[in-house]
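Read the figures in this text as sums done on the coordinates, not as results from a lab. Quick caveat: nothing in here was measured; it's all calculated off a predicted structure. Cβ atoms come from the backbone with ideal geometry, glycine included; neighbour counts cover every protein chain shown.
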Amino acid sequence: MRFEHQAPRPPGERRITKGTGRFSSLTLIVITTGLLLFISALAALYIRERQRSSRGGSRISSTEVVALKEISLKKEDAFEELKLSKPELADADVELLDEAVKSLERYTELEPTDNEQTTRLTELRRRQHIVHAERLRATARKAEVQAEKENEQSIGMAQIELKKALEAEKEIEKKWYNSGLGNPGKITQLDTRIRRMEAEPLWKKTRALEAQAEGFFKEQNLAEAEDCFKESIRLEREFTEKYRDVLNTEFNRLDKLNARLETVRSYPLQVSLAKIEKEAQAFEAENDWVKATVQWDEALRQIGKIIAQFPQSQYASRTYEGEIVKRRNMARYRPETEVIANELSSLRQMLRAKQIDAATDKARTLLERMNKLEAVSPGLYPATNAAVQEVDYIAKHEGTVRVILPLLDRLLLPVPGTPKQQMLKHEVAQSFYSLVHGKNPSAMVRGTAPVESVSYEEATAFCREISWLTGRTARLPTLAEIKLAAGDLSQPPSRQGAWTFDSTDGLTVMDTATSQPNAQGFYDIIGNVEEWIESGANTSVATVVGGNVNWVPTAGLPQRQAPKKERSRTLGFRFIIE
């Protein structure tokens, strides 16, 4: 351990301890802080005096300060007198109020402790805001009225007036907010009206260009049509970006315009496609199916180009492409389809000759050939094909064929005065309908009663199945054929000759062929259930004849119009076979 020699302390010298040193440092900090605060206060006073001096240009006397208050009061009084004496204030009048506010603001800056004048300043400012806001509101209303007048002559001048009104309303909202007259809703309304006026010419122009483009396209002036469509699209896009919120446009209009543009651009390809199709059809007419197939293949390539290059074009149709595929396949497999057509004709002849075994065997063989051809050439014989449905029905309903064909010989009667029409001598019974169609829709199920609750379409579907079963045309009777079968209707039917309100409970239909037949051998042409008759394919209504169990007998043939979808528990049908 090392010891160092310490020099002896001189006599009388005081020894300063550590505690005494800390006290001296704290004292120094307090003194320093106080000096800084004092200097800051002096600086603040100096700055304030400089600011007052700079505002006033020089120190202002107390007399001048009081004068500011007096000036404010006098100008306020002068303004109030003018307001009472004049119907409408001028700008100079309102300046008096502004000057009153300005003088009082200066006074309160110089005498901030004068609470009375400070309160007065608040009220005076509110008064100033109200006066200015009311004048601006009057300006806005006047501009709106003028805009309505100008709108009939000049949209541009109407817009200028509305913009004046808008600026006035905005100034009220932003500058004179203490008036309480600010109206954000009115600002939005005016802005919308102005923008709608701006949008309308653009809206009209894009449609005018579209119409012009369609005219050029009709004249096959493709270049002009394309230019007009492109400009219409540009303007429509501009309209959508700027004004869609204030003026409606057609839904998906841009997509439709683009589709029309692509239609114009794809038109040359479509013309070429039409030429190729015409050549294919010419080869078909010459029975040159090989060349026809080549042309249909070329047509497929052409429609493929249209779809790939112009997918929005109206000519870019996958459905149409499918039709071309079908035509190509029909040409390619023409020998096979001709054989099938001939075999189908032979099948019908067998059914007409009641060669049931041969017919059902041929139907199964024919169906197999159709399915195989459909497998290698989709779309040629799909399940929805009428020939496929006919052959499929015969192949799968051998038992029905065996029952129906012999039965029809006993149920059909010739229609008087017609060359070869035969009509079912009574309404279609429920058991007969179920055997052919596979179900019974009747509300009151009873096999020997007439089928009822069938719509017009269901009745015609049943007739189609009878056509398949017999190899002959089956259909609903016409009004003329019903009248021929009804015979003399100059007198009401007898109770025994018709099931009507006079001979039933008016609710329950009777079994078929239980009334007396008429002179032609037909049952229930009148009464029991009403019957559908053949009507136009393009109408939603059809004629119903014959009356029912609720009909009160009179002379003549009762008839009415009914929706084809109607299903009634007293409405059935019968059919004709040619």
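Tabulated data
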item	result
In nm, spacing of pseudo-spin labels at I356 and A387 (7 Å Cα→C-beta vector)	2.7 nm
Full-stretch length increase - S345, E134 - with 0.36 nm per residue and alpha-carbon distance subtracted	66.5 nm
Relative contact order %, the stretch 348-396, counting alpha carbon pairs below 8 Å whose residues are six or more apart	37 percent
Residues whose placed amide H lies under 5 Å from that of A429, excluding near-sequence neighbours	V451
Most to least packed among 487-497, 562-572 [average Cβ atoms within 10 Å]	562-572, 487-497
In range of the label at R464: residues from the stretch 376-390 whose backbone nitrogen is under 19 Å from the point 7 Å along Cα→Cβ	379-390
Lysine pair count for the stretch 405-577 [Cα-Cα under 25 Å; pairs on different chains or 8 or more apart]	8
Karplus-derived HN-Hα couplings along the stretch 340-345 (A = 6.51, B = -1.76, C = 1.60, θ = phi - 60°), whole Hz, x at Gly and Pro	5, 4, 5, 5, 5, 4
Long-range amide H partners of G572 with built H, under 5 Å	E530, E531, W532
Over the stretch 405-577, volume per residue of the alpha carbon convex hull, in Å³	105 Å³
Modelled FRET efficiency - R0 22 Å, A375 with K326, Cβ distances, 0.05 increments	0.90
Amide proton proximity set for V541, modelled H, under 5 Å, gap of 5+	K564
Surrounding net charge for E427, when Lys and Arg each add one and Asp and Glu each subtract one, Cβ distance under 12 Å	-3
Entries in K164/K204; K69/K186; K69/K163; K102/K170; K75/K149; K83/K164 that, when Cα-Cα distance is taken, lie over 30 Å	K69/K186; K69/K163; K75/K149
Distance between modelled label sites at R244 and T63, nm, 7 Å Cα→Cβ extension	7.4 nm
Two-site label geometry, E81 and N550: point separation in nm, points 7 Å out along Cα→Cβ	9.6 nm
Per-residue HN-Hα couplings for the stretch 96-101 [Karplus 6.51, -1.76, 1.60; θ = phi - 60°; Hz; x = Gly/Pro]	4, 5, 4, 5, 4, 5
Whole-Hz ³J(HN,Hα) from phi, Karplus 6.51 cos²θ - 1.76 cosθ + 1.60, for the stretch 182-199, glycine and proline x	x, 9, x, x, 5, 4, 4, 4, 5, 4, 5, 4, 5, 5, 5, 5, 5, 7
Cα-based radius of gyration of the chain once divided by 2.2 N^0.38 Å, which approximates compact folds	2.07
Cα coordinate range in the stretch 348-396, projected on the principal axes (Å, largest first)	34, 17, 16
Mean Cβ neighbour count within 10 Å, used as a protection proxy, ranking 401-410, 428-437 highest first	428-437, 401-410
Contact order normalised by residue count of the chain, Cα under 8 Å, 6+ apart, percent	7 percent
FRET efficiency estimate (nearest 0.05) - Cβ-Cβ, R141 to R560, R0 60 angstrom	0.35
FRET E, pair L489, R301, Förster distance 45 Å, beta-carbon r, rounded to 0.05	0.10
